[in-house]
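> Please see the structure below; I have some questions.
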Amino acid sequence: MTDYDAIVIGAGHNGLICAAYLARSGKRVLVLEASDSVGGLAATREFHPGFRTSVAHAISQFSAKIARDLDLSTHGYTPGEAMATVGLDEAGNHVILKGSTVSGVGPDDTAEFIAFRRMMQRYSDVLKPFSLKTIPHIGKNSFSDIATFAQMGLKLRLLGKEDMQELLRIMALPARDLMDEKFDSGLLKSLLSWDGLIGSKQAPRSPNHTVLSMLYRMIGDHGGDPAIPAGGIDSLISALAEAVMAAGAEIRTSTPVERIKIDGGEKGLSATGVVLADGKIITAEKIISAADPKRTFLDLVGVDNLEIGFTNRIQRLHSDGYVAKLHLALSGLPDFTGLESPDGRMIIAPELDVIEFAYDDAKYGGLPEHPVMEIVIPTLKNASLAPDGQHVLSAHVMYVPHDLKGGWTAAARDQLCERVIDTIARYAPGIRQQILHQELLTPYDIAQSYNVTGGHWHHVEFTLFQMMMMRPTYEAAQYTTPISGLYLASAGCHPGGGLMGGPGHNAAHEILK
Amino acid sequence: MKTYDAIIMGAGHNGLTNAAYLAKAGLDVLVVEKNAYIGGAAVSRELHTGFTYSNCSYVCSMMRQAIHRDLNLTRHGLVLVPYLGTVSFSDDGGTLVSYHTAEAEYNQLRARSPHDADAMFRFQTDLARYAQLIRKTLLRTPPDPTSFKPRDIMELLFLAKEFWALGEQEIYEYVRFFTMSAAEFLDDYFEDDLIKATMAGAGIIGTALGVYSPGSAYILLHHVMGDVDGNIGAWGLARGGMGAISNAIAGAAREFGAEIRTNAGVDKMLVRDGKAAGVVLENGEEIYSRIVVSNLDAKRTFTKIVDRKDLPPGIYEKASNFKIRGSSGKVNIALSGLPKFNNVPDNRYINRGGQAFVGSLETMERAYDCWKRGRWSEDPFIECVIPSAWDPTVAPPGQHWMSCFVQYCPPQLADGPWTAKKRNQFGQTIVNKIERYSPGFKDLIVHMEVRTPHEIEAEVGLTEGNIFQGELTIDQLLFNRPFPGYAQYRMPVKNMYMCGSSTHPGGGVSSACGANAAREILYDLKRPNVVPQDDFYDE
Amino acid sequence: MTKSDPFAGERLKHSPFHPRQAALNLRNAWSSWNGTQFADYYYDAEYEYFCIRNSCATYDICPMQKYEISGTDAEAMLDRMVTRDVTKLKENRVTYVCWCTDAGRMVDDGTIFKLGPDRFMLTCGSPSLAWLRKCTYGYKHLTVTDISDTLAGLSFQGPTTCEVLKKMGLMDIETLKPFGIMHFPFGSGSLMVSRTGFTGDLGYELWVQTDLALALWDALYDAGEDYGIQPYGEAATNMARLEAGFIMPGMEFNEALKTVHFHHDQTPFELGLDWLVDFKKARFNGRSALLIERERGPEYTLIKLDIEGNKPAEGSYLYRNKRCTKQIGYVTSAMWSPVVKANIALAMVKTKHLGENIWAEIYYEKELRQNSKVAKCTLQKKPFWAPPRARATPPQPF
């Protein structure tokens, strides 16, 4: 008799979701978390006395089905309203997107935007049904597998001839070409490209991977618009943790797993438990790793237990983070030139070339001369994150290499931090005087503090060859792994990262099959 | 007045191939060409007495041998000879000789990196595997994935079957390969930068992408999937220059009865009752035909030659958005003697090969960064070959000409239009770089022709000087080339076709586009097919 | 690249034994192996072959790839890489191994020498550094050194070899068992002798640092003079190994990582190497795929054939009927065996037809005329040549 039916490694949102589903179906579940709080990259932590925030600062595609299934509303989670996306302009001529409305651009661009958004939504709807589904293997097909592929093909055909053709064409287009075909406003082009680019090692001129990322983003309830839950990101994480415990599962924080216990037999290898840092062994029928694939296989399983080709396919996964995180503790609400209230998601990327050139600096391992970023003031949704009247500014800064040429010295960190603040100050001139404390987390720092290899918030970069039945690799894309009893439930699996919950949901579904 | 069965606009090698096959099938065919000479970008030109430049395309490997044989091109004067190895130069003056023999090649690689010498076997194996699938599609018409016609479904099934047969792991590797960047792909195999840079060169030639841009791995394959005499990846030189290819195809076409008129640039395509009906030449002359085939690039065809009012809605926009950015320059240099290069043995075989000034992956990528910013790099990627080192017909004895292909060169400069002065500065940049590796090179120069995308467009007619008649990215490949829904050589105006490199399988002196288009035309005319479909790939 | 020789880069490398071998290569019969010039034969292939079977002969194995793998993770790495249990290998012992891809297809075969608790040597026919880098990923306490250019190897094969080594002064060499290793002081360094080979006969492999190669040659040839010592090349090796039933890459199998076409490579089961696959081991590369293969049975099986007549069946197709309409396989290597006096071959046959008649369609030339014949084949269970002397310890004195 094992100690548990299932052990989930990692209490990020996917780990929690998977645990909740398993526990609700009567399994004895234990969740082990290395850090002292649950939530992973969405965990809220104090970065300056009295000031708290999380690395993930908004939600764009958390599944309503999961919220419903797990009764998250009874545990205090209320989905947020869609936020506006604001393209900041130095002179205050901002471009603002919200839902299918746009302001700050000419009539041609407005009309094009409406048509573009409608078209992208249609394409995104093709993908939508498959985000909460396991994508089958290619080539080893059962009837239900073929049915899934057939359904996909049918969905494509149902778009109609013209739209299907257009989808097959634009799917691989670089953001820049797609935008140049449609729009005039540089700022609008940047804004619409942003969601396809952020977090990836792709720039506006990079073909092949960006449009699918945009479509994935739009799978969410607000068509991909970001939102912050009524009680902040924290309310989602605490609701998930409560749902897990309410279902009878156990969560242990500050309990790092040293490795996964793998036993060998005539038939092959199977995972039978976990070994904790203190050497203690906890056994379970099924081990579910919500840690990233590299950490799971290369560190927790160990190459001894893996095949050589597989090891190298995991090792070569593109998984280095490319986004740094800036947290500012502010004495007051920052004043952005010409902006009524900074309650949207503000993007600093005046035109596509600025994004492209920031990438050009980073691809050689350098720091972008002119960083591009998205900014959110989380305290506007959840005042408890800072002392009264004071605020937190949270920014994702694009194109910051994990492996900086010359290494991440304190000087390099400071240099980047100052550049980012200088850039923000061009749009919010008074901000320097409001800063009480600044914290910059480079991808390297995120990797170290959050146990995410490479510091990539999607665990594995979103590229065509790392999607669907190829995510993270074809041998482990159906949440099962080459080791029996070991499952994956992390953002490194289909449908991927971004506080969506799909991997946790789908993994639980496979385990319960 | 006479009505031809078909008029082909543009006497480039694909137009001539198309004409040859239509004439072979018994059609009354006319090819009209704006220049005084035929060949388009596969041309030999004596611009300085005694020196014959292949002044656009300069080497050949894509030429479909089934067509070569079928059209009897050898009898019409074509001799293709594989050329010996290439020397690559790194930024620091290091060299990598690609020797003709496998054992010498292995030792050379091993001297740089024993690991890479082993990895090369696997790299070549994998590339051959990727090339195999693509090569099967070269002489086939791409299926329309949105169509329910039996022909399309059969063809889709053929492709799906070939793809499925790869097995799960290979499919995964294919998707990776076809969507990733050349540099990242090479990183999976090699550790030595010069070896990687040497291989990566093929990933950027003619392309508005850098070695780190996704999609450049496919371009790499596009350059190594050709063959000379079945040696996949080998490159050949045409005796007498690349014009010999066009001339041989023209010879075949004429023998079958096709007519070729030079100095006959097309101003407009004639459309009557919604059907293509002929052409109007620049001098106002009208020539009538039952079908019209454009060998011009898709953008030129639909934004300049076909009247917008004759097109269904959306086509003009599609053509305007057709990606055809020029990115390459060409410098042709007549030399009083054979240049010598630092750190390269003075060896009769190596002297007959090519030179690739690759520098490093970073140097190549930085050259791309310059292109993005509308200027040329001071340290560009240059691929050279000296055809006269073995071809006695292209330069006087003891004298030579050197073909220098330059990546990148922007079609528009950030600081205003191209001028003669800027063009000379660009040429000087190339000469200076070669001089760095070959002291005394400048003193050998007898004559020099500098061609930026501006000249390529002005003379050859390729929009923006793009050598592939349109970029080779997934959105413009296979059934997306030139536009989705029009990949089967039939164009939106009835009785109008396209046969240039803007169509599948794309750029390169392959004759495949022209041949495939002819097959479709004959199909529509309900004539027996005379165009070979299968090449020798599986023998 | 010397200025004096502009063709240096084109030329093949020379083995450390080259000066002596070149002097004896009267026919200038050279081919190449891994970029090194390498004798096809020296005087006469059949004569050299009979030296192996009759007296003693040397074969240059310097171009073979040698890797020293050391560190506390070395054993674990190798044990995961190869199908055999490396943990059972004792110090100063050698074992023949093969290794596979995840899919259970043969990457290569070779030998592992255990030289110390954490020190191994891996030898194989083809360069394997890129593969080894993949195998070693994730192991921290491990170094792989390519010693192909610094360690010279000379294979010394034939019934009188032990006697010659004794005469050379290698004390107690007669006690060395098959697959054993002994070390002797030699010149300024040391000489390693392993009782291994690729001929199916008594034989040793001698290993020294490159700078001692010629001294080793001279000492061996001095001692062997009265025993008819003779260098032999690729041709004689190929004859000897075929009689012994040993497989050769490029003949019996295609290295999986260098195979373009799907399933043109082989599995150990197809090659009759079942005995190398140790399923008692829970972890080794390709295990799960090979487990399936074992259950299902291999598609092809490598067999040994005795073929009627005397025309070597090189490149022949095999059929299950004399009319040659039902093809069941193909010959991989074939020759007339001078010692067995039989027309022998190794062949791949579809496993499901193993119990049936086998006919070979043989093409042969006679004074420029091409002829063909259909010959009956008989399945041989045992190697064509496996004399007891090959394994006897101590070997028979001469």
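> Quick one: in region B:328-371, what % of C-alpha pairs are over 18 Å apart?
49
> Continuing with the same structure: Just need the Rg to Rh number for the protein assembly as shown, please, alpha carbons only, Kirkwood Rh.
Using only Cα positions, Rg/Rh for the protein assembly as shown is 0.99.
> What is the list of residues in region B:275-315 whose amide nitrogen lies under 19 Å from a point 7 angstrom out from the Cα of B:Ala458, following Cα to Cβ?
Of the residues in region B:275-315, none has backbone N under 19 Å from the label point off B:Ala458.
> Work out Dmax and Rg for region A:1-84 from the C-alpha atoms and quote the Rg first, both in angstrom.
15.0, 53
> In terms of Cα to Cα distance under 27 Å, which lysines are near enough to C:Lys373, apart from those fewer than 8 places away along the same chain?
Partners within reach: C:Lys304, C:Lys311, C:Lys322, C:Lys326, C:Lys341, C:Lys350, C:Lys352, C:Lys381, C:Lys382.
> Now for a separate question. Quick one: which residues, 5+ away or cross-chain, put their amide H under 5 Å from the amide H of A:Val372? H built at 1.01 Å from N.
A:Met398
> I've got another one for you. Restricting things to alpha carbons, tell me how big region A:63-110 is in terms of Rg and Dmax, in Å.
In order Rg, Dmax, the Cα atoms of region A:63-110 give 16.9, 47 Å.
> Direction-averaged shadow area of the convex hull around the Cα atoms of chain C, nm²?
22.1
> Sticking with this structure for a sec: Just want the answer: with Cβ charges of +1 for Lys and Arg and -1 for Asp and Glu, which residue in C:Gln370, C:Asn357, C:Ala313 is farthest toward the dipole's positive end in region C:300-384?
Of the listed residues, the answer is C:Asn357.
> From the Cα gyration tensor of region C:65-146, with a ≥ b ≥ c the square roots of its eigenvalues, which class applies: rounded if a/c is under 1.5, or else prolate if a/b is larger than b/c, or else oblate?
rounded
> Give, rounded to the nearest 20 debye, the magnitude of the charge dipole that the protein assembly as shown has about its Cα centre when Lys and Arg contribute +1 at Cβ and Asp and Glu contribute -1 at Cβ.
Taking the Cα centre of the protein assembly as shown as origin, the dipole is about 3220 debye.
> Over all residues in A:162-170, what is the mean tally of Cβ atoms on other chains that come within 10 Å of each residue's Cβ?
5
> Which of the peptides B:418-425, B:186-193 is most tightly packed, and how do the rest follow, going by the mean number of other Cβ atoms within 10 Å of each residue?
So the peptides B:418-425, B:186-193, ranked by packing, come out B:186-193, B:418-425.
> I would also like to ask the following. Considering only chain B, what is the antiparallel percent among its DSSP beta bridges, to the nearest 5?
Just about 65 percent of them are antiparallel.
> Next question, about the same structure. Calculated FRET efficiency, C:Asp85 and A:Glu258, Cβ-Cβ r, R0 25 Å, to nearest 0.05?
E between C:Asp85 and A:Glu258, to the nearest 0.05, is 0.40.
> Also, quick follow-up: Go from 0 up to the bin containing the longest alpha carbon distance in chain B, width 10 Å each, and give me the % of pairs per bin.
Percent of Cα pairs in each bin: 4, 19, 30, 27, 15, 4, 0, 0.
> Please list 3J(HN,Hα) in residue order for region B:423-429, calculated via the Karplus relation 6.51 cos²θ - 1.76 cosθ + 1.60 where θ = phi - 60°; whole Hz, with x for glycine and proline.
4, 5, 4, 4, x, 5, 4
> From zero outward in steps of 10 Å, how is the percent of C-alpha pairs of region B:1-100 spread across the bins?
Cα pair-distance distribution for region B:1-100, in percent: 12, 31, 30, 17, 7, 2, 0.
> About the Cα centre of region B:359-459, how large is the charge dipole given +1 on each Lys and Arg Cβ and -1 on each Asp and Glu Cβ? Please answer in debye to the nearest 20.
Roughly 280 debye for region B:359-459.
> How large are Rg and Dmax for region A:81-208 when calculated on the C-alpha trace, in angstrom?
17.4, 59
> What are the trypsin sites (Lys or Arg not before Pro) within region C:63-162 that DSSP puts in a loop, where the Cβ has at most 11 other Cβ atoms within 10 Å?
C:Lys90, C:Lys140
> Got a sec to turn the phi values of region B:84-93 into Karplus ³J(HN,Hα) couplings, 6.51 cos²θ - 1.76 cosθ + 1.60 with θ = phi - 60°, whole Hz, x for Gly and Pro?
Along region B:84-93, the couplings run 6, x, 10, 9, 9, 10, 9, 3, 8, x Hz.
> Go through A:90-96, A:374-380 and give me the packing order, highest mean Cβ count within 10 Å leading.
Sorting A:90-96, A:374-380 by mean packing, highest first, produces A:374-380, A:90-96.
> Sum up the charges of everything whose Cβ sits under 11 Å from the Cβ of A:Ala329, counting Lys and Arg as +1 and Asp and Glu as -1, but leave A:Ala329 out.
Once positives and negatives cancel, what remains is -1.
> Would you mind checking which residues have amide H under 5 Å from C:Trp30's amide H? H placed 1.01 Å from N; only 5 or more apart, or other chain.
Excluding prolines and chain starts, which carry no amide H, the hits are C:Asp40.
> Run the quick spin-label model on B:Met1 and A:Glu181: label points 7 Å from Cα toward the beta carbon, then report their separation in nm to one decimal.
3.8
> Return the whole-Å distance between the Cα centroid of region C:228-268 and the Cα centroid of region C:115-186.
20
> May I ask for log10 I(q)/I(0) of region C:300-384 at q = 0.13, 0.14, 0.24 Å⁻¹, from a Debye sum over the Cα atoms as equal point scatterers with solvent left out?
So the normalised log intensities are -0.36, -0.41, -1.16.
> When the label point is put 7 Å from the Cα of A:Ala91 along its Cα-to-beta-carbon vector, which residues of region A:405-435 have a backbone N closer than 18 Å?
Inside the label zone: A:426-429.
> Per-residue mean of other chain beta-carbon atoms within 10 angstrom of the beta-carbon, peptide B:124-136?
For peptide B:124-136, the averaged partner shielding equals 2.
> Rounded to the nearest 0.05, what FRET efficiency is calculated for C:His264 and B:Gln533 with R0 set to 22 Å and r the Cβ-Cβ distance?
Plugging the Cβ-Cβ distance into 1/(1 + (r/R0)^6) gives 0.30.
> Give the value in nm², to one decimal: projected area of the alpha carbon convex hull of region A:209-295, averaged over all directions.
Computed as one quarter of the Cα hull surface, the answer is 9.6 nm².
> On each of the three principal axes of the Cα atoms of region B:121-234, give max minus min coordinate, whole Å, ordered largest first.
The Cα atoms of region B:121-234 stretch 49, 30, 29 Å along their principal axes.
> Would you mind listing how long chain A runs along its three principal axes, going by Cα atoms, in whole Å with the largest first?
70, 59, 48
> Taking Cα centroids, how far is region A:426-460 from region A:284-341 in Å?
Taking the Cα centre of region A:284-341 as reference, the centre of region A:426-460 is 14 Å away.
> Going 7 Å from the Cα of C:Tyr364 toward and past its Cβ, which residues in region C:292-322 have a backbone nitrogen under 11 Å from where you end up?
It comes to C:308-314, nothing else.
> How about region C:330-398: which trypsin sites (Lys or Arg not before Pro) there are in a DSSP loop, with at most 11 other Cβ atoms within 10 Å of their Cβ?
C:Lys341, C:Lys381
> Once you place label points 7 Å from the Cα toward the Cβ at C:Ser4 and A:Lys405, how far apart are they in nm?
4.3
> Taking Cα atoms of region A:54-140, Rg/Rh with Kirkwood Rh, to two decimals?
1.09
> Roughly how many nanometres apart are two label points built 7 Å out from the Cα toward the Cβ at B:Asn424 and A:Val275?
Label-label distance for B:Asn424 and A:Val275, simple model: 7.5 nm.
> Shifting gears a bit: For C:Ile147, what is the net charge nearby, where nearby means another residue's Cβ is under 9 Å from its Cβ and Lys, Arg count +1, Asp, Glu -1?
Spelling it out: positives minus negatives among the neighbours equals -2.
> Would you pull out the residues with amide H under 5 Å of A:His437's amide H, same chain only if 5 or more places away, H placed 1.01 Å from N?
Residues meeting the criterion, in which the H sits 1.01 Å from N, are A:Ala329.
> To the nearest 20 Debye, how big is the dipole of chain C about its Cα centre, given +1 on the beta carbon of each Lys and Arg and -1 on that of each Asp and Glu?
So the magnitude is around 1360 debye.
> While we're looking at this one, here's another question. For region A:26-175, build the charge dipole from Cβ charges (+1 Lys, Arg; -1 Asp, Glu) around the Cα centre, then report which of A:Pro79, A:Ser60, A:Leu168 sits farthest towards its positive end.
Projecting each Cα onto the dipole axis, the largest value belongs to A:Leu168.
> 222 nm [θ] for chain C, helices only, -39500 (n - 2.57) per DSSP H run of 4+, per residue, to 500?
-5000 deg cm²/dmol
> Starting from 0.36 nm per residue, how many nanometres of slack lie between C:Glu174 and C:Ala22 once their C-alpha separation is accounted for?
51.6 nm
> Could you point to the residue in B:Thr452, B:Val509, B:Tyr523 farthest towards the positive end of region B:423-539's charge dipole, with +1 and -1 charges on the Cβ of Lys/Arg and Asp/Glu respectively?
B:Tyr523
> Next up: What does the net charge come to around C:Lys166 if you take all other residues with beta carbon closer than 11 Å to its beta carbon, with K and R at +1 and D and E at -1?
-2
> If you don't mind, another one. Taking only DSSP H segments of four or more residues, each worth -39500 (n - 2.57), what value at 222 nm results for chain B once the sum is divided by all its residues, to the nearest 500 deg cm²/dmol?
Counting only the DSSP helices, I get -10000 deg cm²/dmol.
> Averaged over its residues, how many other protein chain Cβ atoms are within 10 Å of peptide C:130-140's Cβ atoms?
6
> Tell me, what is the FRET efficiency for B:Arg308 and C:Gln327 to the nearest 0.05, using R0 = 51 angstrom and their Cβ-Cβ distance as r?
0.25
> Can I ask one more? Residue by residue, what Karplus-based ³J(HN,Hα) values in Hz, rounded to whole numbers, does region B:414-421 have, using 6.51, -1.76 and 1.60 with θ = phi - 60° and x for Gly and Pro?
So the Karplus estimates, Gly and Pro as x, are 5, 9, x, x, 4, 10, 4, 5 Hz.
Each reported figure results from applying straightforward, stated rules to the coordinates on display, with no laboratory input. Since the structure is predicted, the reported quantities are computational estimates derived from the model, not experimental observations. Positions of Cβ are generated from backbone atoms using ideal geometry, with glycine treated the same way; all protein chains shown enter the neighbour counts.
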